[in-house]
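Presented below is the structure to which this report refers.
The values are calculated or read from the model by the stated rules, or taken from the named source; none is laboratory data. Here the structure is a predicted model, which is why all the values come from computation and not from measurement. All Cβ positions, even for glycine, are placed from backbone atoms using ideal geometry, and neighbour counts span all protein chains on display. These accessible areas exclude ligands, DNA and RNA; they are computed on the full protein's heavy atoms, side chains included. Shrake-Rupley method; radii C 1.70, N 1.55, O 1.52, S 1.80 Å.
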Amino acid sequence: MSVHSEHPFALPPEDRDAARQLRGRLVAPVTLWASGQGPSCVGLTVSSLLVALGQPARLIALLDPDSDLVLDRETRMAITVLEEPDRYLAEAFAGAAPAPGGPFSRAQFEQTPWGPVLPNRSWVGVTWESERTMGWSLEVVATIDTVHLTTSTPWAHVRGRYRSLAD
C-alpha cells in the first residue's frame, strides 16, 4: 500500500470544470446560516454570499437546494461569521464531519429572534425575501434586519481550504 499526496478520486486536470476552479480561487467568507429554535433548529455552512447595500440592505447567497433550511416569506435566519476556532463546526454544518447528537450540540449557541448564533461572533439577522434556481444552487435574497459586529477575525475559504484572515 502506498500513500499519495493527491486525492485518489480527483479528475485529471484536463477534465476539471473551469468555473469550479475559478470559484476555488476566489476568497469567500465562512458563515453559518441557522434558523429555528430548540430542537427544530437547522443550519448550513455557506461561503457563497455578498452584501448589497441600499435601503434596505440585502444579503444574497447561493445555497444547496437539498439543505435542511426551509425558506419562505416568514423565514428569519441568523448568519454568524465564523472564525478559525469554528473549523469543526463549519465542517459539521457542511455535512463533511460527523456530529453525534447533531451539529448544534457541538458548541454553545445563543438564541436570537432570527435563530441561534455563536456568542462573541459577528452576526446578522435577515428575513427571506426571494429565491430562484441559479445553476445547481438556490439563489436566496434576504433583507438585512439587524447587524451585530465584534472585533473578531473572520475566516475565509479558498482553494478548498479554510484560512485565517489574521495575517
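Candidates LEU49, LEU53: the one that is aliphatic (A, V, I, L, M) and out of contact with any strand residue (DSSP E or B) (no Cβ under 7 Å at 6 or more places or on another chain) is LEU53. With respect to the conditions (1) over 22 Å from GLU131 (Cβ atoms); (2) open to solvent by 70 Å² or more (accessible area, probe 1.4 Å); (3) at pLDDT below 95, GLN111 lacks only one, and its number is (3). So, of the residues in segment 22-65 that are farther than 19 Å from TRP136 by Cα and among the hydroxyl-bearing types (Ser, Thr, Tyr), which turns out to be surrounded by the most Cβ atoms within 10 Å (Cβ to Cβ)? Filtering first and then ranking leaves THR31. Scanning segment 79-123 for residues that are aromatic (Phe, Trp, Tyr), in a helix (DSSP H, G or I) and without any contact (Cβ under 8 Å) to a residue 60 or more places away in the chain turns up just one, TYR88.
Quick one: is GLY101 surrounded by fewer than 19 Cβ atoms within 10 Å (Cβ to Cβ) and on the phi > 0 side of the Ramachandran plot? Yes: the conditions hold for GLY101. Screening segment 4-19 for residues that are part of a loop (DSSP other than H, G, I, E, B) and hydrophobic (A, V, I, L, M, F, W, C) and picking the one that is modelled with the lowest pLDDT gives PHE9.
Restricting attention to segment 126-147, which residues are hydrophobic (A, V, I, L, M, F, W, C), open to solvent by 40 Å² or more (accessible area, probe 1.4 Å) and in a strand (DSSP E or B)? MET134, VAL147 - these are the residues of segment 126-147 that are hydrophobic (A, V, I, L, M, F, W, C), open to solvent by 40 Å² or more (accessible area, probe 1.4 Å) and in a strand (DSSP E or B). Selection of segment 21-37 for residues being out of contact with any His (no Cβ under 8 Å at 6 or more places or on another chain) and within 16 Å of MET77 (Cβ to Cβ) yields THR31, LEU32, TRP33, ALA34, SER35, GLY36, GLN37. Summed over segment 72-89, the residues that are over 27 Å from ARG163 (Cβ atoms) and either open to solvent by 90 Å² or more (accessible area, probe 1.4 Å) or under 15 Å from the mean Cα position of the chain (by Cα) (or both) give a count of 3.
Among the residues of segment 20-42, what is the count of those that are among the hydrophobic types (A, V, I, L, M, F, W, C) and part of a helix (DSSP H, G or I)?
1
In segment 141-162, the residues that are over 28 Å from GLN55 (Cα atoms) form Cβ pairs under 9 Å with partners that are part of a loop (DSSP other than H, G, I, E, B) and polar (S, T, N, Q), at six or more places apart or across chains, as follows: HIS157/SER47.
What about VAL126, is it closer than 20 Å to GLY38 by Cα and under 16 Å from the mean Cα position of the chain (by Cα)? Answer is yes for this residue. Which condition from (1) of a type outside the set (Lys, Arg); (2) at positive phi; (3) surrounded by fewer than 17 Cβ atoms within 10 Å (Cβ to Cβ) is the one that THR150 breaks? So THR150 meets the others, but not (2).
Return yes when ALA92 is at pLDDT 90 or above, over 23 Å from PRO113 (Cα atoms) and surrounded by 11 or more Cβ atoms within 10 Å (Cβ to Cβ) and no when it is not.
Yes; evaluated as a whole, the condition is true for this residue.
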